[in-house]
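Everything on this sheet refers to the single structure shown next.
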Amino acid sequence: MATGARNRICTRMTQDAPSADPLASALAAIAPGRVTARREGARASIILDISGMDGAARAALERDIRAAAGAVAGVDEVRVALTAERTQRRAIAVASGKGGVGKSTVSANLAVALHRLGRRVGLVDADIYGPSQPRLMGVEGIRPQARDKTLLPVATPHGVPLLSMGQLVAPDQAIAWRGPMAGGALGQLMDADWGAVDTLILDLPPGTGDVQLTMIQKHRPAGAVIVSTPQDLALIDARRAIDLFNKAGIPLIGLVENMAGYACPSCGAVSDPFGRGGAEAAAHGLGIAFLGRIPLDIMVRAASDAGAPPAAGDGPEAAPFHALARSVAAWLG
């Protein structure tokens with residue numbers, strides 16, 4: 001055998017057939033089935049398959065692979081190339097025609113409830129001018145890291161990674177950006193390293209302006225959930241949001257009626273400070289699905305302020321969010 005052939009070893013490590021080569025054996029023990037290695041003299045060139053891994057797991061595995069290869073006798077240089085199968089990822093926009101209807105609360109709880117159904121969910125706080133998801137998800141004050149100029153989503157206690165402008169600016173700092181800057185910021189959040197996430201929930205800003213248009217044109221969601229309260233003023237603006245998605249050809253998953261009814265914690269009497277049934281009637285009139293009612297509940301408010309979305313639990317206040325998630329999951333298929 002020629003000297004070059006003896007010094008050049010190319011192996012694929014698997015659990016079923018570990019190689020006797022020291023380099024192959026060292027790497028197979030760490031990442032069986034994920035590593036292809038070639039050794040040329042003192043240099044080890046490694047291809048590492050990171051399909052289905054999040055950013056933190058990728059970085060940890062690459063670090064371990066480099067350390068293991070560097071510890072093999074005769075290896076002085078280690079090169080690692082990362083490869084992965086492309087994840088088919090779908091985005092669901094959660095939108096409203098106006099502010100103050102609880103869209104961000106619905107977005108956070110929908111993301112958590114979908115995660116509990118077994119989906120790999122990420123959450124993008126695209127409400128550039130009024131980001132609230134860091135507080136809702138219990139990660140206020142934690143800034144995302146970046147790798148190769150790509151943002152790494154922040155892990156949350158609820159299993160749903162998050163990116164938000166609220167993580168990148170001071171808590172009380174106003175974000176006074178014109179459309180192109182806001183659109184660029186949304187692009188950074190969307191194009192982040194989402195790893196194995198297959199479903200992105202987009203908490204959009206209220207209205208039908210530049211951010212919504214950028215999202216539709218550049219990041220085209222698979223579908224949209226519209227949030228409204230029952231009263232006529234909110235429904236007028238919700239219809240505008242519905243019209244925007246219709247004109248853009250974005251499928252409408254349905255309409256949610258939020259803040260629908262209030263049960264007095266003292267006497268139990270139920271009242272309807274914002275009216276009742278308006279969103280359901282509007283959905284039927286527009287020919288879109290009605291996704292259910294979410295009551296006005298002080299427990300939802302208290303849990304949200306504490307960074308503990310009710311959908312993370314199984315209390316009665318969580319039930320409407322779980323029902324919503326089941327409807328969205330059924331739509332996704």
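Numbers for the structure displayed
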| read-out | value |
| --- | --- |
| Pair list, Cβ < 8 Å and 6+ apart or interchain, from region 189-211 residues that are touching a residue at least 60 places away in the same chain (Cβ under 8 Å) to residues that are among the β-branched types (Val, Ile, Thr) and open to solvent by 20 Å² or more (accessible area, probe 1.4 Å) | Asp193/Thr150; Trp194/Thr87; Gly195/Thr87; Ala196/Thr87; Val197/Thr87; Asp198/Thr87 |
| Residues of region 140-154 classified as assigned to a loop (DSSP other than H, G, I, E, B) and surrounded by fewer than 23 Cβ atoms within 10 Å (Cβ to Cβ), total | 7 |
| In region 30-80, the residues that are β-branched (Val, Ile, Thr), over 20 Å from Gln145 (Cα atoms) and outside any strand (DSSP E or B) | Ile30, Ile65, Val72, Val75 |
| Residue that is farthest from Ser107 (Cα to Cα), among those in region 155-177 that are crowded, with 19+ Cβ neighbours inside 10 Å and not hydroxyl-bearing (Ser, Thr, Tyr) | Gln167 |
| Odd one out for Gln188, checked against (1) open to solvent by 50 Å² or more (accessible area, probe 1.4 Å); (2) at pLDDT 90 or above; (3) in contact with a strand residue (DSSP E or B) (Cβ under 8 Å, 6 or more places away or on another chain) | (2) |
| Qualifying position, being within 20 Å of Val106 (Cα to Cα) and touching a helix residue (DSSP H, G or I) at 6+ places or on another chain (Cβ under 8 Å), among Leu286, Leu252 | Leu252 |
| Out of Ser304, Ser271, sole residue that is modelled with pLDDT of 90 or more and on the phi < 0 side of the Ramachandran plot | Ser304 |
| Region 43-61, subset touching a strand residue (DSSP E or B) at 6+ places or on another chain (Cβ under 6 Å) and at pLDDT 85 or above, residue surrounded by the fewest Cβ atoms within 10 Å (Cβ to Cβ) | Arg43 |
| Test: residue in region 232-254 that is at positive phi and open to solvent by 30 Å² or more (accessible area, probe 1.4 Å) | yes |
| Number of the condition not met by Leu200 [criteria: (1) assigned to a strand (DSSP E or B); (2) open to solvent by 10 Å² or more (accessible area, probe 1.4 Å)] | (2) |
| Matching residues in region 291-315 - criterion: being open to solvent by less than 50 Å² (accessible area, probe 1.4 Å) and of a type outside the set (Gly, Ala, Ser) | Leu291, Ile294, Val300, Pro309, Pro310 |
| Test: Val94 is buried (at least 24 other Cβ atoms within 10 Å of the Cβ), in contact (Cβ under 8 Å) with a residue 24 or more places away in the chain, assigned to a loop (DSSP other than H, G, I, E, B) and hydrophobic (A, V, I, L, M, F, W, C) | no |
| Some residue of region 81-91 being in contact (Cβ under 8 Å) with a residue 40 or more places away in the chain, open to solvent by less than 70 Å² (accessible area, probe 1.4 Å), part of a strand (DSSP E or B) and closer than 27 Å to Thr214 by Cα | yes |
| Filter result for Ala281 (modelled with pLDDT of 95 or more, in contact with a helix residue (DSSP H, G or I) (Cβ under 9 Å, 6 or more places away or on another chain) and either open to solvent by less than 60 Å² (accessible area, probe 1.4 Å) or farther than 28 Å from Glu140 by Cα (or both)) | no |
| Residue count for region 106-132, restricted to those that are among the hydrophobic types (A, V, I, L, M, F, W, C) and open to solvent by 40 Å² or more (accessible area, probe 1.4 Å) | 1 |
| Arg135 vs. criteria within 28 Å of Asp305 (Cβ to Cβ), of a type in the set (Lys, Arg), exposed (fewer than 14 other Cβ atoms within 10 Å of the Cβ) and modelled with pLDDT of 80 or more | no |
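The values are calculated or read from the model by the stated rules, or taken from the named source; none is laboratory data. Every value quoted in this text rests on a predicted model; they were computed, and no experiment measured them. All Cβ positions, even for glycine, are placed from backbone atoms using ideal geometry, and neighbour counts span all protein chains on display. The accessibility values were calculated without ligands, DNA or RNA, using every heavy atom of the protein model including side chains. Shrake-Rupley method; radii C 1.70, N 1.55, O 1.52, S 1.80 Å.
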